[in-house]
Amino acid sequence: MSENLNVFEIAQQQIKDACEKLKVKPAVYEILKQPMRVMEVAIPVKMDDGSVKVFSGYRSQHNLALGPAKGGLRFHPTITLDEAKALSMWMTFKSAVVGLPYGGGKGGVKCNPKELSEGEKERLSRGFIQAIAPIIGPEKDIPAPDVYTNAQVMAWMMDEYSKLRGYNTFGVITGKPLIVGGSIGRNEATARGCCFVIREAAAQLGINIKGARVVVQGFGNAGSIAARIMHDMGAKVVAVNDSRTGIYNHNGVDPYEVLEHKNKTGSVGGFPGTTEISNDELLALECDVLIPAAMENQITEENVDNVRAKIVGEAANGPTTPEADKVLYSKNILVLPDILASSGGVTVSYFEWVQNLQNFYWTEEEVNSRLEQKMVDAFNNVHRISKEYSVDMRSAAYMAGIKHLADAMEIRGWLG
Ligand code: GLU
C-alpha cells in the first residue's frame, strides 16, 4: 500500500509523535493538532480581456500562544486548504525552533502565476489582501513571500493594507522591497540559514564543505541562492533542476552562470557542459549534501532507497514523507528538517518586522551575523536533544518546539 501523502495528516502525526516522546499533557496535542483559525475566501479579479475570474484563497493561523501568526503566502495551482493548514502548523514549529515570538501562519491563492500578466497579479494580490484584511495586521498575522510570490507582490499587499487602514503599515508584511521597509538580507535568508545549518552538520560528520558534492532540487529563490552560497563556501554544485528539467556535471557547475542562463532561457536546461537528468535521477545522485528546495512530498517511500546523500538539508517545506524519513534515519543519512533548516527566512522576516516597528534599519553585517547566531544556536539545541533522546533531528526539532509551546500555553492557562 502506498503511504499517506496528505500533508495535513503528516503534520499532525509529526506533532503527535513529539508530544508522546516528551510525555506532555494531552491538551497540548489537542490544541496543536489543528489551526486555531482558518479563512477561505473567493477573490473576483478583473482580467486583462475584460472578463472576471474568481480565485480561491486561504489563510490559516495555527497557534498564537507565542505571538502573532507568521508565514508565507503562495500563488500555486495546487494549493488547498489542507495544504495551507499543514504549512501553518510547520510555521509554528519553525518559529519555535529558532525562538521567535510568533505562531504559525500560511496561505495563498489557487492560481497559475505563470499565466497571469503583471496587472492581473497586482489586482489578485490586492483583492486577496482586501479579503483577509480582518484577520491580518502587524500584531495579528504577518504574511511573507512563499512559492511563486516575491518582494513585488509583498509591496502591493502592504500598499493595499496600508490604504485600507489609512496610514503606512510596513509591519503587516515582510519580504518587502528595501525601499518600502524591507530588510537587507531577507531575500537570501532562507538559503543562507539552510547553508549555515548544513555547515554545522558537515562539521559534526567530519565532511569538509570545501569540495563537498552538492545537489540542489529546485532553482527558485531558496534553491538558486543556496547553490550560490554553497559554491561560495567552496562546495561543488554537481546538479540542479527546476520544474522543467535538470542538469548534471560531475566536476560541478557555476550556479551564478546557471542562474544567468535560466533568466535568459526560462530554465536551467541546456546549460553548456552539462547532461540533462530527470528529477528521479537527480534525487538518486551520490553526493555529500542534497538540498530539496522545491515542493512537499519529494523524497517518498517510492524513491528513498535511491537517495545516496550523506546530509539532506531541507530548504523546502515538507519535502520528505514520514516513511522516507524512517528509511533515511536507518541508512544513517542525516536529515536537517525543514522546521530547522528552512527557518532562516522567517528569522530575517522577524528582523524586518522589528526594524519596521522601530523604524530603525540594520546593516547587512548585523542581519547576517544575527541570523548566523540564531541558526547555529538552534542547530546545537536540536542536535543536543537528538543525542539526549536518541531520536532523529526532525523529532528533536519538534520536541524543541513542543517544549517551548507547551510552556507558553501552560503559563497562559490553556492547558487546564
Ligand atoms: N515562506 C517562508 C517559509 O516558509 C517565510 C515565511 C516568513 O518569512 O514569514 O518559511
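The values are calculated or read from the model by the stated rules, or taken from the named source; none is laboratory data. In this text, all values refer to a predicted model and were calculated from it rather than measured experimentally. Glycine gets a Cβ as well: all are built from the backbone with ideal geometry, and neighbour counts include every protein chain shown. What goes into the accessible areas is simple: the full protein's heavy atoms, side chains included, and nothing from ligands, DNA or RNA. Shrake-Rupley method; radii C 1.70, N 1.55, O 1.52, S 1.80 Å.
Quick look at the values:
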quantity: Test: residue in region 238-257 that is modelled with pLDDT of 95 or more, assigned to a helix (DSSP H, G or I), open to solvent by 10 Å² or more (accessible area, probe 1.4 Å) and not acidic (Asp, Glu); calculated: yes
quantity: Residues of region 226-246 that turn out to be under 22 Å from residue 320 (Cα atoms) and touching a residue at least 24 places away in the same chain (Cβ under 8 Å), as a count; calculated: 12
quantity: Meets criteria (assigned to a helix (DSSP H, G or I), within 16 Å of the ligand (Cβ to nearest atom), farther than 20 Å from residue 376 by Cβ and not hydroxyl-bearing (Ser, Thr, Tyr)) for residue 223; calculated: yes
quantity: Pairs, first under 12 Å from residue 397 (Cα atoms) in region 80-106, second β-branched (Val, Ile, Thr), C-beta under 7 Å, six or more apart; calculated: 90/339; 93/339; 94/339; 94/346; 95/346; 97/339; 97/382; 98/347
quantity: Test result for residue 11, at pLDDT below 95, within 16 Å of the ligand (Cβ to nearest atom) and part of a helix (DSSP H, G or I); calculated: yes
quantity: Given (1) under 23 Å from residue 163 (Cα atoms); (2) among the hydroxyl-bearing types (Ser, Thr, Tyr); (3) open to solvent by 30 Å² or more (accessible area, probe 1.4 Å), index of the condition residue 58 fails; calculated: (3)
quantity: Subset of region 309-357 (residues that are part of a helix (DSSP H, G or I) and away from the ligand (no atom under 16 Å from the Cβ)); calculated: 322, 323, 324, 325, 326, 327, 328, 329, 330
quantity: Any chance residue 391 is within 22 Å of residue 91 (Cα to Cα), more than 14 Å from the ligand (Cβ to nearest atom) and part of a loop (DSSP other than H, G, I, E, B); calculated: yes
quantity: Any pair with Cβ under 6 angstrom, 6 or more apart, that starts in region 377-393 at a residue that is more than 20 Å from residue 330 (Cβ to Cβ) and ends at one that is assigned to a loop (DSSP other than H, G, I, E, B) and at pLDDT 95 or above; calculated: 378/98
quantity: Test: residue in region 212-225 that is among the aliphatic types (A, V, I, L, M), within 22 Å of residue 272 (Cα to Cα) and free of Cβ contacts under 8 Å to residues at least 40 places away in the same chain; calculated: yes
quantity: Every residue from region 316-352 that is touching a residue at least 40 places away in the same chain (Cβ under 8 Å) and open to solvent by 30 Å² or more (accessible area, probe 1.4 Å); calculated: 322, 323, 329, 334, 350
